[in-house]
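Here's the structure, in structure tokens; my notes come after.
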Amino acid sequence: MPPTIGVVGGGQLARMLLPSAARLGLPLVFLARPGDAVGAVWPAVLSGEPDADGLRRLAARVDVVTVEHELVDLDTMQTLQDAGTPVRPSAATLAIATDKVRQREVLAAAGVPVAPWTLAGDLDAIGAFGDVHGWPLVLKRPRGGYDGRGVWVVDDLDAARTVLDEVDGDPLLVEPKVTLTGELAVLVARRPGGETVVYDPVETVQVDAMCREVLQPPRVPAAVAARARELAALVADAIGSVGMLSVELFVSGEQVLLNELAARPHNAGHLTIEGTVTSQFENHLRAVADLPLGSPASRGPAVMVNVVGGPVDPQQRLAETLAAEPAVAVHLYGKDHRPGRKLGHVTATGDDLETVRGRALRAADRLTAPAEEASS
Ligand SMILES: Nc1ncnc2c1ncn2[C@@H]1O[C@H](COP(=O)(O)OP(=O)(O)O)[C@@H](O)[C@H]1O
Ligand SMILES: [Mg+2]
């Protein structure tokens, strides 16, 4: 019998696990809040918070627990694991993957290159770091940030003071602003015994620190892509990940540096649904259920563009977009429309990267712009 998998979280990542679960016959139970994206389309939802109470209720119902987001009570995850419920990824892996400072400590020690950094709780420490490494600096909340929330680029001490005020003096991760020639993500699926498959690197394009596009294959030299794969495999082993891991990397000329990790299916991997032999969602479930992993091989050029809330609700633009772009895969998450919020994504595939990219960008524009603008 396949194990029943408990998933902490009910957002779009949870929803995108469903087709793979249905195909493989893997029962899923989600721990989600009322109104989360998964509730509208799936009956097996426990209503609750990802706290001690919620996690215990979930564990009582399932054979193995995994996560769809990072804001999980890790002490309880550890307690459940100690009491015999498999937690995949483990509480120890999650403790690293959810903390940008721990990531740097653990992975630099394992030989992964990272930009210079420090943890600073006051203006003097930030200023001293800037004197040594040069401005501008990037300040980050060590935990809980996403989509660029919790990341600030500061040109001088005045700007740094404003950020420190905003975070009430919480210690911040400080880095120089790296001169980027590109950004990559490498997805790695890993089973409990260590069997691993590494996807080909994809290129991510950020606008205002939020992911806008993901491109397969990446527009980087082959040696850079090879180095990225090598580093991602090293990272997966170093933190003992189980399930999907997304390793975000900075490219600066020939240099490849670690940016951050996510130990779960990730936005950088959405194009694996149409663009690879086995999607990240399917390989996440296979790994968590300790089943043989599927091939990560690319099916050819693919581009994903996020659908971010603008002046109109993309759901209202669905019919027109489907009519105009019949070859594009449209994914809407069923979330309430709010400007700046990720509400869906589109993926285009084909033979030529720039053609595919144009098609995906057009479809995303059509979903987010008022009718007269999009059709002109
Ligand atoms: N040190 C840095 N130098 C240059 N750009 C950076 C730096 N840190 C972050 N960024 C930019 O901000 C984006 C978001 O930062 P990241 O730490 O990945 O935050 P999030 O958790 O919101 O994804 C990165 O993808 C990159 O484009
Ligand atoms: Mg990031």
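So if a site counts as exposed when it's one of the GluC sites (Glu not before Pro), its DSSP state isn't H, G, I, E or B, and it has at most 14 other Cβ atoms within 10 Å, what's the longest stretch of the chain without one?
With GluC sites (Glu not before Pro) excluded where exposed in loops, the chain gives 1-194 as its longest stretch.
Would you work out the charge dipole size for the range 55-102 about its Cα centre, treating the Cβ of every Lys and Arg as +1 and the Cβ of every Asp and Glu as -1, and quote it to the nearest 20 debye?
60
For residue 146 paired with residue 109, estimate the spin-label separation in nm (one decimal), with each label point 7 Å from Cα along the Cα-to-Cβ line.
About 2.8 nm, to one decimal.
Give me the accessible area per residue for the range 182-375, probe 1.4 Å, as a whole number in Å².
Ligands and nucleic acids excluded, the result is 36 Å² per residue.
Tell me which residues come under 5 Å, amide H to amide H, from residue 7 once H is placed; ignore anything under 5 positions away on its chain.
Amide H neighbours of residue 7: 29, 30, 31, 66.
Looking only at the range 66-101, which residues have a backbone nitrogen under 13 Å from a spot 7 Å from the Cα of residue 290 in the C-beta direction?
Answer for this model: 84-88.
Give the lysines reachable from residue 140 as a straight Cα distance under 25 Å; neighbours fewer than 8 places away on the same chain don't count.
Straight-distance partners of residue 140: 100, 177, 342.
Hey, could you grab the Kirkwood Rh for the range 182-375? Inverse mean 1/r over distinct alpha carbon pairs, Å, one decimal.
With all distinct Cα pairs of the range 182-375 included, I get 17.1 Å.
Roll a 1.4 angstrom probe over the protein heavy atoms and tell me the percent of accessible area of the range 182-375 that is carbon or sulfur.
Roughly 50 percent, rounded to a whole number.
If you put +1 on each Lys and Arg Cβ and -1 on each Asp and Glu Cβ, how big is the dipole of the range 204-343 around its Cα centre, in Debye rounded to 20?
Magnitude of the dipole: close to 100 debye.
By per-residue mean of other Cβ atoms within 10 Å, what is the highest-first order of 149-160, 82-93, 338-349?
My ranking of the peptides, most packed first, is 338-349, 82-93, 149-160.
Give me the tail of P(r) for the chain as a percent: Cα-Cα pairs with distance above 35 Å.
25
Could you run the Debye sum over the Cα atoms of the range 5-87, one equal point scatterer each and no solvent, and tell me log10 of I(q)/I(0) at q = 0.25, 0.27 Å⁻¹, two decimals?
Normalising to I(0) and taking log10 leaves -1.23, -1.39.
How many Å² of accessible area per residue for the range 1-112, probe 1.4 Å?
Ligands and nucleic acids excluded, the figure is 41 Å² per residue.
With +1 assigned to the C-beta of every Lys and Arg and -1 to the C-beta of every Asp and Glu, and no other charges, what is the dipole magnitude of the range 5-87 about the Cα centre in debye, to the nearest 20?
Magnitude of the dipole: close to 440 debye.
So for the range 5-87, taking the charge dipole from beta-carbon charges (+1 Lys/Arg, -1 Asp/Glu), which of 78, 50, 26 sits furthest toward the positive end?
Farthest towards the positive pole: 26.
Excluding ligands, DNA and RNA, what is the solvent-accessible area per residue of the range 116-176 at a probe of 1.4 Å, expressed in Å²?
Value for the range 116-176: 52 Å² per residue.
Would you calculate, for the chain, the mean residue ellipticity at 222 nm contributed by helices, counting each DSSP H stretch of 4 or more residues as -39,500 (n - 2.57) and dividing by all residues, to the nearest 500?
Using -39500 (n - 2.57) per qualifying helix, the result is -10000 deg cm²/dmol.
The values are calculated or read from the model by the stated rules, or taken from the named source; none is laboratory data. Being a predicted model, the structure only gives us computed values, none of them experimental. No Cβ is skipped: glycine too gets one built from the backbone with ideal geometry, and neighbour counts run over all protein chains shown. Accessible surface areas use protein heavy atoms only, side chains included; no ligands, DNA or RNA. Shrake-Rupley method; radii C 1.70, N 1.55, O 1.52, S 1.80 Å.
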